[in-house]
1. What ranking of Thr258, Thr318, Thr122 comes out by heavy-atom accessible area, probe 1.4 Å, highest first?
2. Compute the separation of the alpha-carbon centres of the range 69-146 and the range 309-364 and state it in Å as a whole number.
3. Sum -39500 (n - 2.57) across every DSSP H segment of at least 4 residues in the chain, then divide by the residue count to get the 222 nm mean residue ellipticity, nearest 500.
4. With Cα Rg over 2.2 N^0.38 Å in mind, check (1) 1.00; (2) 1.11; (3) 1.16 and report the label derived from this structure.
5. With every protein chain present, what accessible area does His241 have (1.4 Å probe, heavy atoms only), rounded to the nearest 10 Å²?
6. Please state the charge dipole magnitude for the range 1-147, taken about the Cα centre, from unit charges on C-beta atoms (+1 on K and R, -1 on D and E), reported in debye and rounded to the nearest 20.
7. So for Ile248, Ile352, what's the accessible-area order with a 1.4 Å probe, most first?
8. Under a 1.4 angstrom probe, counting protein chains only, how are Asp450, Asp350 ranked by accessible area, largest first?
Amino acid sequence: MTESSLALDQQSKRYPLSFTQEWFVTLDQGDDGGAFGRRFMMVCPIRITGPVDLAVLQGALDDVVARHELLRTLVVRDADPPYQLVRPPCPVPLQVRDLPPVTGTSRDMIVQELIVEAEAGTMSAREVPMLRALLCRFDDRDSALFLTVHHSVTDAWSVQVIIRDLGAFYAARHTGIPAKLPKARQYREYAAWQRANAANPAEDGAPRYWLDKLHGAREFTMPNDHGHPDSYSRPYSMHIHVIDADVIAAASALAADTRSTLFTVMLSAFYVLAHNITGATDLAIRAFTAGRNEEQFQDTMGLFLNVAPFRTNLADCTSFRDIVARTKETLIDALAHELPVNVIEQTFPDFIKSREDPRTSQFIISNLQSQFGDLTLPIAEGAREVAERLLQEPVHHDIPSGMVWNLSVELSGDMYGGVLFNLDEFDESTVEGWVADLLRILTGAVGEPDRDWKLL
């Protein structure tokens, strides 16, 4: 160890892992796969209008890493027990690329191609910072900034925190006026808070709720085409689809009429899809949740996401409206008694026994809604996140296992869907068929919610 590295190590601090970090450690497959693999990243593209001051941008990126410790934190996975090691502030790698003149292709489509390129890169979970940036300039007034963050330290909410803070720090450095940002608790503080609460007897009845709710239940898994391999031989693919704004408007109207949410209606449609695929009516579908139930950590950048099982029995439902009402009850109760995913898996091992069948694969719905609305960032003359993904291309970033079905509503009112799957498990035609089935079910259900749901 060199003198400089020794000094760096002496400045580093060790802290216990959060439950989500512990769960990610169980998904570790080394540097080439799993939750700490080089392709497990999140890419955030930002379109910028006006000239970008590179020195100001570099300083703002460094400010973000200084403000949020987890961007410079390593998870030491081979220790017993594993722990997180917080490093001192460090500069963010910023690459600048001047793009050649574009002919025959719109700049918007070039940005889409650059997104695919960024997602095809790699990032080590053994080096800090866990954030890097690429600025691609069409000219002095039009550019795209690509932020890449390793997924082992962030989630969709936290990416929004990063870009909000980046805009604030850029404006502060440009104007000389200090950034007005809410106080941010550090992620290690959240981990300590979470463990302290877990050490005390539960007062909210969560263990009892899940003991009753998951009794006799099995996690819903998708039947695959080729078996579930021990490890994948290729990167993941993504099937992109769009649900038209008029269908989503009708779904939102049904949600309002039933005093529920759009996600409640979407989950209800997934229950019908799962029934059509398997014939089952007692279904426990898992979905990502924000995992941020404490107001004091709303502005903390970190890995908060959770996976909750939502078990609903459709057997005595006669209409899709009945399913929505039943699903609403499921969501309210489950979120009120939410426990970390690894706590549920360790406490109820029978629930996840369906994973032992190689003919099926894990399935999770991801509801990717922005927690900060439509952010206009004060970078140059204005900047905005590019939310749309328009290219049907294989992606090169991975998820640890199974299939994830992403959903998000765009400014146009359309719903964007992206199904992440691996061709080692699923044929493209199978995924396309399920997407078409979901669209048919949802369109029919929101058009005639009192119709017999089995006829959808």
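1. Ranking Thr258, Thr318, Thr122 by accessible area, largest first, yields Thr318, Thr122, Thr258.
2. Using only Cα atoms, the two centres lie 35 Å from each other.
3. My calculation for the chain gives -11000 deg cm²/dmol from helical runs alone.
4. So the calculated entry is the one marked (1).
5. Number for this one is 20 Å².
6. 180 debye
7. Ile352, Ile248
8. If we order Asp450, Asp350 from most to least accessible, we get Asp450, Asp350.
The values are calculated or read from the model by the stated rules, or taken from the named source; none is laboratory data. Computed from a predicted model, the values in this text were never measured in an experiment. When we count neighbours, we look across all protein chains shown, and the Cβ atoms used for this are built from the backbone with ideal geometry, even at glycine. Only protein heavy atoms, including side chains, enter the accessible area calculation; ligands, DNA and RNA are left aside. Shrake-Rupley method; radii C 1.70, N 1.55, O 1.52, S 1.80 Å.
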